[in-house]
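The values are calculated or read from the model by the stated rules, or taken from the named source; none is laboratory data. In this text the structure is predicted, and so the values were computed from the model without any measurement. Quick reminder, even Gly has a Cβ in these numbers, built from the backbone with ideal geometry, and neighbours come from all protein chains shown.
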Amino acid sequence: MSTTKPPASIPAEPARSTRATRLFLGLVCFLAGAAIMVIEISAFRLLAPYFGNTVFTSTALIGVILVAFSVGGYLGGWLADRKMALDLIGWLLAGAAVLTLFIPALHAAFSLRLSGGGVISGPVMISLILFAVPGVLLGAVSPASVRFYSLADKDSHIGASAGTISMLGSLGSFVGTFFSGFYLLPSFGVKSIFIAAGMVLLMLGAAAFVMARNSLKQQAPILLSGLVAGFFGWKAEPQAMKDVIYEHESVYHHIRVLEFGVKPYRQRVLMLDSTQEGGMNADTGELMLPYQEYWKLALLREKEKVESALFIGAGAFGMPENVSRDFPEAEVDVVEIDPQVIEVGRRFFRLDEHPRVKAHASDARRFFHGSGQKKWDLIFGDAYNGKHAIPAHLATQEFFQQVADHLTPEGVYIMNMIASVNGRKSELTAGMITTLRNVFPHIEVFGVGGRPDETQNVILLCSRQEMKSRLTDRYFAPGSWQQRLTHRRVPPGQLPRPGIAFTDDLNPVDAIIARGLLE
């Protein structure tokens, strides 16, 4: 006669102990869900200085973590069917803790080596190295907890157990998301956040061992491993970039100020993540990047002066300060989304020396909504959010209409973008010209670089008034700024064919920029 072996189960416990087990499992899933989101959101800030704040970096990171969670989900269920002791949760949490504590050390060892790789392969590889295994272990916690939560209730409410654990994990992820974005990242360094997340997971793992009645001797190796990992993680420092005189993590960027040379030729550069955003001569305030001089196209209007100007994106404040220096009575506004960039401008880029330059910490579209009927002679668009990446909502027909509505009748909008004038990398140029022509009747294009099919600064001059004759029919002395700028004008016959118009409803700007980076 054959007998069927009864299913394994957690030994019978008093009701009070069972209730404590279920409360503990709920807390574990809530905090593990929070830790997952804290790690994921902080991870992007960890990678951006090396791989850029691009769609490829975020896609690689999110993709790797999602695959890791999927593998972890299967692993957790498989393990829970084979190991019925509650210390399984402890091993999963402790393993994730140790690897999370090691993340700063691994980042310091590998990020710089991989940063020169491809725009896709680099972020994918570093995401696999840093986040894949801890993601698998954290992903295994929830299905394993469902099993133990259900067994604690003698498998009488399996559906309710799964729903409760899923709900608590999702609530934890919600709290972790808000806590990271609204408090942790503005208040602490990224390395500190990883160390704190790892320590929380380690303490949860130790508590699981206690709940499973493991002895301190059994717990000691994993606790010691966590402390060692935390020590190496805390001591790890990424290889410093040469010539850095200031470094800071803000909500939006990893900010660095670099300085080269000696007086009176010191060149000071502002880096946001992996992208150079602007620079100036630290001793004289003179501009150092060729495209920065193109605000002077506004002086080729009939009114050859600027009485008011607005710059969207501060860069290193070189252009607005240049305007204020040339036209001391002009009202100059700068809208910059990151308040810390404004503080850096005061400390390192002479902003306090120009009281007529007013910096506003805001998004450009919100700034326009709050500016009423104010109008400017010159609006210069130079906002970027990563490598070559114009924020998509600042590249639509609706936004350009806002710009036009805030220009004086003879005012001009000048926009800087990184693309090619024609050829395979000109898709962004084609779409931007098409979009701007739906708002401005006159568009002139300038290529500030090498061959027209090479990536470079492309300047777009947009106006209601005809500007062509002022650029081509006047004599400018050789070597003058007027001659240098107008010489870079691109004849209409060399411009790309019209592209798709970008709107708030249909806006492929991110995808176009990503394709350009791949090219």
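The residues of the stretch 109-140 that are farther than 20 Å from Leu517 by Cα, of a type outside the set (A, V, I, L, M, F, W, C) and in contact with a Phe, Trp or Tyr (Cβ under 7 Å, 6 or more places away or on another chain), listed by number, are Gly135, Gly139.
Summed over the stretch 148-165, the residues that are at pLDDT 85 or above and either loosely packed, with under 15 Cβ neighbours inside 10 Å or in contact with a His (Cβ under 7 Å, 6 or more places away or on another chain) (or both) give a count of 1. The set of residues in the stretch 375-427 that are charged (D, E, K, R) and either in contact (Cβ under 8 Å) with a residue 60 or more places away in the chain or touching a Lys or Arg at 6+ places or on another chain (Cβ under 7 Å) (or both) comprises Lys375, Asp377, Asp382, Lys387, Glu398, Glu410, Arg424, Lys425, Glu427.
Among the residues that make up the stretch 279-296, is at least one of them under 26 Å from Gln482 (Cα atoms), of a type in the set (S, T, N, Q) and assigned to a loop (DSSP other than H, G, I, E, B)? Break it down into steps so the answer makes sense when it comes.
We begin by selecting, within the stretch 279-296, every residue under 26 Å from Gln482 (Cα atoms); these are 279-296.
From the residues that got through so far, the ones that are of a type in the set (S, T, N, Q) too are 281, 284, 292.
Right, trim to assigned to a loop (DSSP other than H, G, I, E, B) and you get 284.
Yes, the stretch 279-296 contains at least one residue that is under 26 Å from Gln482 (Cα atoms), of a type in the set (S, T, N, Q) and assigned to a loop (DSSP other than H, G, I, E, B).
State yes or no: is Ala105 assigned to a helix (DSSP H, G or I) and either within 30 Å of Met167 (Cβ to Cβ) or touching a strand residue (DSSP E or B) at 6+ places or on another chain (Cβ under 7 Å) (or both)? Against the criterion (assigned to a helix (DSSP H, G or I) and either within 30 Å of Met167 (Cβ to Cβ) or touching a strand residue (DSSP E or B) at 6+ places or on another chain (Cβ under 7 Å) (or both)), Ala105 does not qualify. Within the stretch 405-421, being outside any strand (DSSP E or B), modelled with pLDDT of 95 or more and either surrounded by 24 or more Cβ atoms within 10 Å (Cβ to Cβ) or touching a helix residue (DSSP H, G or I) at 6+ places or on another chain (Cβ under 7 Å) (or both) holds for one residue alone: His406. Filtering the stretch 248-265 for residues that are in contact with a helix residue (DSSP H, G or I) (Cβ under 7 Å, 6 or more places away or on another chain), modelled with pLDDT of 90 or more, of a type outside the set (A, V, I, L, M) and not assigned by TED's automatic domain parsing to the domain that holds Ser42 leaves an empty set.
If you go through the stretch 141-155 one residue at a time, do you hit one that is out of contact with any strand residue (DSSP E or B) (no Cβ under 8 Å at 6 or more places or on another chain), part of a helix (DSSP H, G or I) and under 30 Å from Phe56 (Cα atoms)? Yes, the stretch 141-155 has at least one match.
Taken over the stretch 234-267, residues that are in contact (Cβ under 8 Å) with a residue 40 or more places away in the chain and either of a type in the set (Ser, Thr, Tyr) or touching a Phe, Trp or Tyr at 6+ places or on another chain (Cβ under 6 Å) (or both) amount to 4. Note on the stretch 186-240: among residues that are among the β-branched types (Val, Ile, Thr) and surrounded by 14 or more Cβ atoms within 10 Å (Cβ to Cβ), the one that is modelled with the lowest pLDDT is Ile222. Looking at the stretch 247-261, is at least one residue aliphatic (A, V, I, L, M), touching a Ser or Thr at 6+ places or on another chain (Cβ under 6 Å) and either buried (at least 17 other Cβ atoms within 10 Å of the Cβ) or farther than 23 Å from Ala34 by Cβ (or both)? Within the stretch 247-261, not a single residue is aliphatic (A, V, I, L, M), touching a Ser or Thr at 6+ places or on another chain (Cβ under 6 Å) and either buried (at least 17 other Cβ atoms within 10 Å of the Cβ) or farther than 23 Å from Ala34 by Cβ (or both).
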